[in-house]
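Reading through the structure tokens given below for one structure.
The values are calculated or read from the model by the stated rules, or taken from the named source; none is laboratory data. This structure is a prediction, so every number in the text was calculated from the model and none was measured. Please note: Cβ atoms are built from the backbone with ideal geometry, for glycine as well, and neighbour counts cover all protein chains shown. SASA here: full protein model, heavy atoms, side chains in, ligands and nucleic acids out. Shrake-Rupley method; radii C 1.70, N 1.55, O 1.52, S 1.80 Å.
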Amino acid sequence: MSEIALPLAMALLTLGGILAGYRVAFVLAGASAIFILISPLPTAFFNLIVSRIYANVLTNWLLVAIPMFIFMGLILEKSGVAERALKGAQRALGGTAAGMGVAVLVIGVLLAASSGVVGASVVLLALLALPRMAEVGYDKATGAGLIAASGTLAILIPPSVMLIILGDQLQTPVPDMFAGAIGPGLLLVALYGIYIIWRARGLPRAPKGPALGLIAGVGRTLMDVAPLLILVICVLGSIIGGLATPTEASGLGALGATLVTVLYRRFDAGVIMAAARDTVMATCVVLMVIVGATCFSAVFKGIGGDAMIRNALSLFGDNPWTVLLVVMGAIFVLGFVLDWLEITLILIPIFAPVIAGLDFGNGLTGQPLLIWFGILVAVNLQTSFLTPPFGFALFYLRGAAGDQLQTREIYRGVIPFIALQLFALGLLMAFPWLITGLT
């Protein structure tokens with residue numbers, strides 16, 4: 001009992017502090033400091049933590065990609081480039097109610113692949129697409145669910161900040177994580193598309209906009225969508241093709257997004273400063289949590305927390321699939337109350353060694369096994385943006401929609417998409433080639 005008392009108390013103190021509303025980074029760091037002082041660990045452990053922060057965070061060039069990709073997404077959103085692409089996709093696919101729904105999904109994919117910022121994607125889709133979906137007969141719950149689910153693709157489809165941090169925590173190449181996420185991302189898009197087309201049966205055609213000739217219509221659509229699509233292909237292609245590291249490609253993406261604003265004559269010093277200011281704020285939050293989680297991980301392992309977790313998992317037997325289901329279940333449940341970043345930085349360093357030592361009989365070992373596990377975690381964590389009461393996509397959507405939606409309509413609308421995500425998670429567990437096929 002004494003062997004689990006300290007790590008269990010540390011975990012409960014940390015969870016209680018987070019649920020009480022204190023800043024996550026300070027809760028993690030504060031709990032670490034407290035348990036260094038009251039545990040048998042020597043006070044010299046502080047020096048070890050400082051060394052780990054310097055080596056794992058402050059000198060980690062991979063993490064430079066985080067502010068670059070955030071800036072890329074913000075500059076596209078604040079300059080109106082993303083809005084223009086959404087309207088272009090709606091014109092191209094919006095002739096029917098199903099086409100309108102697919103247009104929202106397509107632009108959600110483009111926003112996901114060009115920014116990786118869930119908040120920007122959900123807010124933009126809510127402002128532009130929610131009224132149009134209501135016009136063609138979609139009920140409010142279905143429209144809300146599609147917008148929220150499409151927006152959360154930004155956390156899974158590369159370039160994703162989540163995948164960068166997961167790759168860092170699992171010690172796997174980020175380009176392989178990006179390649180592994182493409183199949184699951186397309187699988188989710190296909191499932192969402194099938195569902196929204198099924199929901200659109202019997203609905204009237206969308207209102208027609210101003211008539212354009214074929215050539216003029218195609219040309220206008222290409223002008224609206226093509227620059228964003230080219231930017232996505234260049235950034236992802238350079239990473240997956242091995243032409244650039246994620247850090248280098250993130251700089252290319254930030255520069256490319258700025259050049260696109262120049263092309264559309266939306267370049268403005270105010271836009272650049274607003275995007276830069278929000279980038280700094282978002283990056284500071286992420287890095288402070290990483291620093292706090294680094295402290296927490298070191299102390300938690302030092303007082304026997306990793307052994308406690310391994311012993312707890314061993315209670316479910318030796319079957320690797322049972323262990324994996326327990327881990328996935330724990331991550332899913334914690335996603336109701338914790339942010340993906342906290343779950344990633346706290347639990348992945350503990351669960352990853354356990355999973356790496358198991359044989360699932362699917363031919364995966366070593367790094368491919370960790371990539372498969374990392375993408376499973378990413379798909380699982382994507383649901384945390386949709387699960388009430390603390391799903392961030394729900395907050396973004398509720399704030400952007402204003403009086404157009406009620407909270408219960410949002411909750412009702414996301415339930416089918418949560419079910420689709422869990423179904424996709426099951427397929428990815430059963431057929432790992434959906435993840436490893438491109439790595």
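Out of the range 34-52, which residues are in a loop (DSSP other than H, G, I, E, B), open to solvent by 30 Å² or more (accessible area, probe 1.4 Å) and among the polar types (S, T, N, Q)?
Result: THR43, single match.
Considering only the range 176-188, state which residues are open to solvent by 10 Å² or more (accessible area, probe 1.4 Å) and more than 19 Å from SER384 (Cβ to Cβ).
The first filter runs over the range 176-188 and keeps only residues open to solvent by 10 Å² or more (accessible area, probe 1.4 Å), leaving 176, 182-183, 186-187.
ASP176, ILE182, GLY183, LEU186, listed by residue number.
Starting from the range 398-420, take each residue that is touching a residue at least 60 places away in the same chain (Cβ under 8 Å) and list its partners that are open to solvent by less than 80 Å² (accessible area, probe 1.4 Å) and part of a loop (DSSP other than H, G, I, E, B), counting only C-beta distances under 7 angstrom and pairs at least six apart or across chains.
Partner pairs satisfying both residue conditions: VAL414/LEU386; PHE417/LEU386.
Restricting to the range 272-308, count the residues that are farther than 30 Å from PRO40 by Cα and open to solvent by 30 Å² or more (accessible area, probe 1.4 Å). Working first, answer last.
Taking the range 272-308 as the starting set, the residues that turn out to be farther than 30 Å from PRO40 by Cα are 272-286.
Pick out the ones that are also open to solvent by 30 Å² or more (accessible area, probe 1.4 Å) and you get 272-273, 276-278, 280-282, 284-285.
Qualifying residue count, the range 272-308: 10.
Could you go through the range 353-374 and let me know if any residue there is more than 15 Å from the chain's Cα centre (by Cα), among the acidic types (Asp, Glu) and open to solvent by 30 Å² or more (accessible area, probe 1.4 Å). It would help to see each step written out before you state the result.
Pass one, the range 353-374, residues more than 15 Å from the chain's Cα centre (by Cα): 353-373.
Remaining after also requiring among the acidic types (Asp, Glu): 359.
Still in the running and open to solvent by 30 Å² or more (accessible area, probe 1.4 Å): 359.
Yes, the range 353-374 contains at least one residue that is more than 15 Å from the chain's Cα centre (by Cα), among the acidic types (Asp, Glu) and open to solvent by 30 Å² or more (accessible area, probe 1.4 Å).
Give THR383, THR387 a once-over and let me know the one that is within 30 Å of GLY292 (Cβ to Cβ), at pLDDT 85 or above, of a type outside the set (D, E, K, R) and not in a helix (DSSP H, G or I).
THR387
Considering every residue within the range 83-98, establish whether at least one is of a type outside the set (D, E, K, R), at pLDDT 80 or above and assigned to a helix (DSSP H, G or I). Can you show your working first?
Residues of the range 83-98 that are of a type outside the set (D, E, K, R), as a first pass: 85-86, 88-90, 92-98.
Adding the requirement that they be at pLDDT 80 or above leaves 98.
Now drop any that are not assigned to a helix (DSSP H, G or I), which leaves 98.
For the range 83-98, residues of a type outside the set (D, E, K, R), at pLDDT 80 or above and assigned to a helix (DSSP H, G or I): present.
Residues to consider are SER250, SER314; find the one that is surrounded by 16 or more Cβ atoms within 10 Å (Cβ to Cβ) and small (Gly, Ala, Ser). Working first, answer last.
Details: SER314 fails: surrounded by 16 or more Cβ atoms within 10 Å (Cβ to Cβ).
Going through SER250, SER314 in turn, the sole match is SER250.
Matching residues to (1) under 30 Å from LEU364 (Cβ atoms); (2) under 17 Å from the mean Cα position of the chain (by Cα):
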site: PRO388; (1), (2): no, yes
site: GLY391; (1), (2): no, yes
site: ALA400; (1), (2): no, no
site: ARG412; (1), (2): no, no
site: LEU420; (1), (2): yes, yes
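Restricting to the range 380-439, name every residue that is under 19 Å from PHE178 (Cα atoms) and in contact with a Lys or Arg (Cβ under 6 Å, 6 or more places away or on another chain).
Answer for the range 380-439, where residues must be under 19 Å from PHE178 (Cα atoms) and in contact with a Lys or Arg (Cβ under 6 Å, 6 or more places away or on another chain): there is none.
Return the pair list, or none, for Cβ contacts closer than 6 Å from residues in the range 293-314 that are closer than 16 Å to ALA29 by Cβ and touching a residue at least 40 places away in the same chain (Cβ under 8 Å) to residues that are assigned to a helix (DSSP H, G or I) and among the charged types (D, E, K, R), at least 6 apart or on different chains.
Taking only residues 6 or more apart or on different chains, the pairs are THR294/ARG52; ALA298/ARG52.
When you look at LEU231, is it within 21 Å of LEU111 (Cβ to Cβ) and open to solvent by 30 Å² or more (accessible area, probe 1.4 Å), yes or no? Break it down into steps so the answer makes sense when it comes.
Working: within 21 Å of LEU111 (Cβ to Cβ): yes; open to solvent by 30 Å² or more (accessible area, probe 1.4 Å): no.
No; evaluated as a whole, the condition is false for this residue.
Can you name the number of the only condition in (1) open to solvent by less than 30 Å² (accessible area, probe 1.4 Å); (2) at pLDDT below 85 that ARG265 fails?
The failed condition is (1).
Among what's in the range 14-33 and is farther than 18 Å from THR294 by Cβ and over 24 Å from the mean Cα position of the chain (by Cα), pick the residue that is least open to solvent (accessible area, probe 1.4 Å).
GLY16
With respect to ALA55, is the statement that it is open to solvent by 10 Å² or more (accessible area, probe 1.4 Å), part of a helix (DSSP H, G or I), at pLDDT below 80 and not hydroxyl-bearing (Ser, Thr, Tyr) true? Show your work before the answer.
Working: open to solvent by 10 Å² or more (accessible area, probe 1.4 Å): yes; part of a helix (DSSP H, G or I): yes; at pLDDT below 80: yes; not hydroxyl-bearing (Ser, Thr, Tyr): yes.
When the stated conditions are applied, ALA55 passes them.
Taking interchain pairs and intrachain pairs at least six residues apart, which have beta carbon atoms under 9 angstrom, with the first residue in the range 14-29 and over 19 Å from PHE46 (Cα atoms) and assigned to a helix (DSSP H, G or I) and the second open to solvent by 60 Å² or more (accessible area, probe 1.4 Å) and among the β-branched types (Val, Ile, Thr)?
Within 9 Å, the pairs are VAL24/VAL285.
How many residues, within the range 406-427, are open to solvent by 20 Å² or more (accessible area, probe 1.4 Å), assigned to a helix (DSSP H, G or I) and not aromatic (Phe, Trp, Tyr)? Give the derivation first.
Residues of the range 406-427 open to solvent by 20 Å² or more (accessible area, probe 1.4 Å): 406-409, 411-412, 415-416, 418-420, 422-423, 426-427.
Filter again for assigned to a helix (DSSP H, G or I), leaving 407-409, 411-412, 415-416, 418-420, 422-423, 426-427.
From what is left, the residues that are not aromatic (Phe, Trp, Tyr) are 407-409, 412, 415-416, 418-420, 422, 426-427.
The total comes to 12.
Only one of (1) within 22 Å of TRP340 (Cβ to Cβ); (2) at pLDDT 75 or above; (3) of a type in the set (Val, Ile, Thr) fails for VAL117. Which number is that?
With respect to (1) within 22 Å of TRP340 (Cβ to Cβ); (2) at pLDDT 75 or above; (3) of a type in the set (Val, Ile, Thr), VAL117 is out only on (2).
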